[in-house]
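The values are calculated or read from the model by the stated rules, or taken from the named source; none is laboratory data. Here the structure is a predicted model, which is why all the values come from computation and not from measurement. Neighbour counts are summed over all protein chains in view; Cβ atoms, including those assigned to glycine, are modelled from backbone coordinates with ideal geometry. Note: accessible area is taken over every heavy atom of the protein model, side chains too, but ligands, DNA and RNA are not part of it. Shrake-Rupley method; radii C 1.70, N 1.55, O 1.52, S 1.80 Å.
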Amino acid sequence: MVIAAEFSMVDPRYNTTKLGYPDKFADTNMSSSSTSRSQTIRLPLFVGFFLVFSALTTSVYGDGGGRNQTFRSNDERLKMKRVRGLLRKINKPAVKTIQSSDGDIIDCVATHLQPAFDHHLLKGEKPLEPPERPKGHNHSEFSNTEVSQLWMDAGESCPDGTVPIRRTTEADVLRANSIRTFARKIRRGVRRDTMNIGHEHAVAFVNGDQYYGARASINVWEPSVTDPYEFSLSQLWVISGSFGNDLNTIEAGWQVSPELYGDNHPRFFTYWTTDAYQATGCYNLLCSGFVQINNKIAIGAAISPRSSYSGRQFDIGIMVWKDPRHGHWWLEFGNGLLIGYWPSFLFSHLQKHANMIQFGGEIVNTRSTGSHTSTQMGSGHFASEGFGKASYFRNLQVVDWDNSLIPMNNLHFMADHPNCYDITAGKNRAWGNYFYYGGPGRNYRCS
């Protein structure tokens with residue numbers, strides 16, 4: 001955490017004493033020569049001039065440390081002013097406030113006041129009615145448990161006509177590298193090749209066709225993230241454009257990010273960008289973009305329960321698809337909970353369709369200790385350990401031009417650093433296309 005402190009520098013004050021002369025310089029010594037008298041007086045006048053000059057010089061210029069301290073103080077005040085301005089923009093008036101057991105504050109915000117409606121193309125608009133789900137959609141195979149979040153544990157909920165929004169704090173913003181980068185991924189957030197410095201992946205993907213959505217069930221774990229500026233996530237990507245500055249993505253899944261949330265809980269998250277993570281888009285509801293319609297799920301809040309090693313396994317269903325009627329991209333979570341949508345006008349290439357779908361895990365490796373990070377992906381165990389020990393994606397599907405969920409052909413698999421994090425694929429009647437993935441990070445083969 002960055003702690004802002006204000007410093008005040010007190011200008012030095014100097015007490016001056018009138019220069020006095022002993023009695024020997026009184027009239028009784030008038031007989032002394034004028035030269036001797038002149039020399040006797042000149043020394044104290046010189047010393048006085050030197051002291052006054054030194055005081056003025058120090059007062060005007062100050063010492064270097066004090067001057068830097070003043071500049072730092074001014075910088076901190078300006079920074080905190082910007083932080084509070086951002087918080088006023090993000091945090092909307094609440095109809096009801098709920099305190100979560102993990103320290104989060106959930107604000108129940110009137111639906112029409114959520115951050116999305118700050119966008120100039122949405123001002124005065126109302127959320128759209130739910131669209132038709134893709135054909136072939138089956139809730140029963142989507143998630144193996146009723147999805148819950150920690151803030152629901154006390155039995156509280158947001159009333160109809162509101163949406164639950166995790167309140168952003170000063171500490172959340174100050175943990176970021178800068179206010180400008182708060183709530184944003186850095187570039188290179190999508191795996192294209194093994195030269196993706198800093199980001200490491202174990203993923204499955206399809207490309208070479210036109211895609212209108214994707215669906216998967218994702219195992220939820222609580223991986224260890226060993227550096228405050230690293231993260232570990234498991235998600236699906238809906239991608240269009242080149243891998244240059246025109247890259248469009250829609251992303252959803254779970255992540256552990258100490259920098260963004262201040263803890264190591266796995267949290268349901270979303271992301272979007274239309275310019276390769278440069279100036280557009282953000283996580284969750286931290287900018288105007290995603291329109292939420294659901295009053296039961298808070299994007300950015302911790303997921304409960306989580307899977308345990310050799311114990312019970314829990315997964316969440318994620319589906320993103322393009323409404324063929326209006327063209328917006330909708331998000332479903334858990335057992336059929338419709339969360340909201342990304343308006344099509346946010347995007348360039350994704351206004352039409354996606355040209356790549358990707359599923360899997362991603363971590364950030366800062367090498368802050370000089371060697372590979374020990375941040376875990378998935379469960380923190382390699383894919384070969386299988387069910388109950390390794391993390392998985394199951395029932396991978398894409399949405400085609402006819403708004404139908406279909407299994408994928410020519411599915412590709414890639415692990416950037418297989419000695420650190422790997423992936424193993426399979427297929428059966430119950431899980432369709434699936435894969436295990438993940439790993440511990442640093443080990444005797446990964447340094």
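Filter segment 263-280 down to the residues that are at pLDDT 95 or above and not β-branched (Val, Ile, Thr) and list them by number.
Asp263, Asn264, His265, Pro266, Arg267, Phe268, Phe269, Tyr271, Trp272
Kindly check whether there is at least one residue in segment 221-228 that is open to solvent by 10 Å² or more (accessible area, probe 1.4 Å), among the hydroxyl-bearing types (Ser, Thr, Tyr) and under 17 Å from Gly198 (Cβ atoms).
Checking segment 221-228: at least one residue is open to solvent by 10 Å² or more (accessible area, probe 1.4 Å), among the hydroxyl-bearing types (Ser, Thr, Tyr) and under 17 Å from Gly198 (Cβ atoms).
In segment 242-259, is there at least one residue being of a type in the set (Asp, Glu) and buried (at least 22 other Cβ atoms within 10 Å of the Cβ)?
So far as segment 242-259 goes, yes, one or more of its residues are of a type in the set (Asp, Glu) and buried (at least 22 other Cβ atoms within 10 Å of the Cβ).
Table: residues versus (1) crowded, with 20+ Cβ neighbours inside 10 Å; (2) at negative phi; (3) among the hydroxyl-bearing types (Ser, Thr, Tyr).
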site: Tyr271; (1), (2), (3): yes, yes, yes
site: Thr280; (1), (2), (3): no, yes, yes
site: Asn284; (1), (2), (3): yes, no, no
site: Val291; (1), (2), (3): yes, yes, no
site: Ser308; (1), (2), (3): no, yes, yes
site: Gly311; (1), (2), (3): no, yes, no
site: Asp315; (1), (2), (3): yes, yes, no
site: Pro324; (1), (2), (3): no, yes, no
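For segment 333-351, enumerate the residues that are modelled with pLDDT under 95, open to solvent by 10 Å² or more (accessible area, probe 1.4 Å) and of a type outside the set (A, V, I, L, M, F, W, C).
Asn335, Gly336, listed by residue number.
Which of the strands (runs of 3 or more DSSP E) found entirely inside segment 297-344 contain at least 3 residues meeting this: over 22 Å from the mean Cα position of the chain (by Cα) and of a type outside the set (Val, Ile, Thr)?
315-322
Every residue in segment 184-202 that is among the aliphatic types (A, V, I, L, M) and either over 27 Å from Ser371 (Cα atoms) or modelled with pLDDT of 90 or more (or both), please.
Of everything in segment 184-202, just one residue is among the aliphatic types (A, V, I, L, M) and either over 27 Å from Ser371 (Cα atoms) or modelled with pLDDT of 90 or more (or both), namely Ala202.
Among the residues that make up segment 375-390, is at least one of them touching a helix residue (DSSP H, G or I) at 6+ places or on another chain (Cβ under 7 Å), open to solvent by less than 30 Å² (accessible area, probe 1.4 Å) and hydrophobic (A, V, I, L, M, F, W, C)?
yes
Against the condition more than 24 Å from the chain's Cα centre (by Cα), of a type in the set (Lys, Arg) and either open to solvent by less than 60 Å² (accessible area, probe 1.4 Å) or within 17 Å of Asp315 (Cβ to Cβ) (or both), how does Arg445 come out, does it pass?
So Arg445 fails the test.
On the basis of being buried (at least 22 other Cβ atoms within 10 Å of the Cβ) and more than 18 Å from Tyr309 (Cβ to Cβ), does Gln358 make the cut?
Criteria met by Gln358.
Give me a count of the residues in segment 375-419 that are touching a His at 6+ places or on another chain (Cβ under 6 Å), within 17 Å of Glu362 (Cβ to Cβ) and not small (Gly, Ala, Ser).
1
Return the residue satisfying two criteria in turn: it lies in segment 87-107 and is in contact with a Ser or Thr (Cβ under 8 Å, 6 or more places away or on another chain) and farther than 13 Å from Ser157 by Cα, and of such residues it is surrounded by the most Cβ atoms within 10 Å (Cβ to Cβ).
Ile90
Can you tell me which residues in segment 422-440 are out of contact with any strand residue (DSSP E or B) (no Cβ under 7 Å at 6 or more places or on another chain) and either of a type in the set (A, V, I, L, M) or open to solvent by less than 40 Å² (accessible area, probe 1.4 Å) (or both)?
Answer for segment 422-440, where residues must be out of contact with any strand residue (DSSP E or B) (no Cβ under 7 Å at 6 or more places or on another chain) and either of a type in the set (A, V, I, L, M) or open to solvent by less than 40 Å² (accessible area, probe 1.4 Å) (or both): Ala430, Pro440.
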